[in-house]
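Okay, structure first, notes after.
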Amino acid sequence: MGSSQTRKVDVRVIAATNRDLSAEVAASRFREDLFYRLHVFPVSVPPLRDRGGGDVELLAEHLLKHNCKKMGKAPLELTADCLRRLRSYHWPGNVRELENVIERAVIIARDGRLNLRDVLPLHNLQPDHGRKNVNVGSTVKTKRDLREMEKATLIRALEETNWKVAGRQGAAQKLGVPPSTLSSRIKALGIQRPK
């Protein structure tokens, strides 16, 4: 950088994104040459909601230990109720949301007991039978279909709340997701309020 001499370096670049880069290239929102430079060994990591309860539990255990140590608290354990809530939730905010839930639970833990009732209320939980029926139908939904379904759902929720995202009676509360998660999905899906 800034030199007239060529210097050889031995580096490996690791890039991460939550976007479909091939779709971004097709829409001219990402440079094609850069895409092919980065696309040497792609690793696809499915969202937390698609990885099953085992991954959620392992990540929650790790985050619990980390947060207890960071806050100088005695080690806490995930109770059977905590595990049930973690498994039943659909995690629209992915691992970042799980991290925030565990951190809040550690902050409000009393008498050495972890309690997720206040940070993961039952009305936000999606029962297992509900998840099994999501894909019931004559055809398998593609990634594009799911994206369009998500977009339509968010628009419907926004319209029903007069485009109020956060707060009481807002779309985030209606959908059972944190306002920050909803805002990022609105931006990612290119949703704009009609004029």
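The values are calculated or read from the model by the stated rules, or taken from the named source; none is laboratory data. Quick caveat: nothing in here was measured; it's all calculated off a predicted structure. Glycine also receives a Cβ, built like all others from the backbone with ideal geometry; neighbour counts cover every protein chain displayed. Ligands, DNA and RNA are stripped out before the accessible areas are found, and what is left, the full protein with its side chains, is counted by its heavy atoms. Shrake-Rupley method; radii C 1.70, N 1.55, O 1.52, S 1.80 Å.
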Of everything in the stretch 113-125 that's modelled with pLDDT under 85 and assigned to a loop (DSSP other than H, G, I, E, B), which residue is farthest from L175 (Cα to Cα)? N115
Residue that is surrounded by the most Cβ atoms within 10 Å (Cβ to Cβ) [pool: residues in the stretch 9-24 that are under 26 Å from L48 (Cα atoms) and of a type in the set (A, V, I, L, M, F, W, C)]: L21
For the stretch 141-151, indicate whether the set of residues that are at pLDDT below 85, farther than 20 Å from N94 by Cβ and in a loop (DSSP other than H, G, I, E, B) is non-empty. yes
For the stretch 159-173, which residues satisfy the criterion of being out of contact with any Leu (no Cβ under 9 Å at 6 or more places or on another chain), surrounded by 15 or more Cβ atoms within 10 Å (Cβ to Cβ) and assigned to a helix (DSSP H, G or I)? Q173
Given (1) at pLDDT below 85; (2) more than 30 Å from K73 (Cβ to Cβ); (3) open to solvent by 50 Å² or more (accessible area, probe 1.4 Å), identify the lone condition not met by R156. (1)
Among the numbered conditions (1) modelled with pLDDT of 80 or more; (2) in contact with a helix residue (DSSP H, G or I) (Cβ under 6 Å, 6 or more places away or on another chain), tell me where G167 comes up short. (2)
Those residues of the stretch 41-72 which are open to solvent by 100 Å² or more (accessible area, probe 1.4 Å) and either assigned to a helix (DSSP H, G or I) or in contact with a Lys or Arg (Cβ under 7 Å, 6 or more places away or on another chain) (or both), in sequence order: R49, D50, L58, H62, K65, K69, K70
Taking first residues from the stretch 56-77 that are under 17 Å from L116 (Cβ atoms) and second residues anywhere that are open to solvent by 80 Å² or more (accessible area, probe 1.4 Å), the pairs with Cβ under 6 Å that are 6 or more apart or on different chains are C68/P75
In the stretch 28-40, the residues that are loosely packed, with under 10 Cβ neighbours inside 10 Å and at pLDDT below 90: V40
Any chance the stretch 91-105 includes a residue that's surrounded by fewer than 13 Cβ atoms within 10 Å (Cβ to Cβ) and aliphatic (A, V, I, L, M)? no
Restrict the check to the stretch 74-87 and report whether at least one residue is exposed (fewer than 10 other Cβ atoms within 10 Å of the Cβ) and within 27 Å of A172 (Cβ to Cβ). no
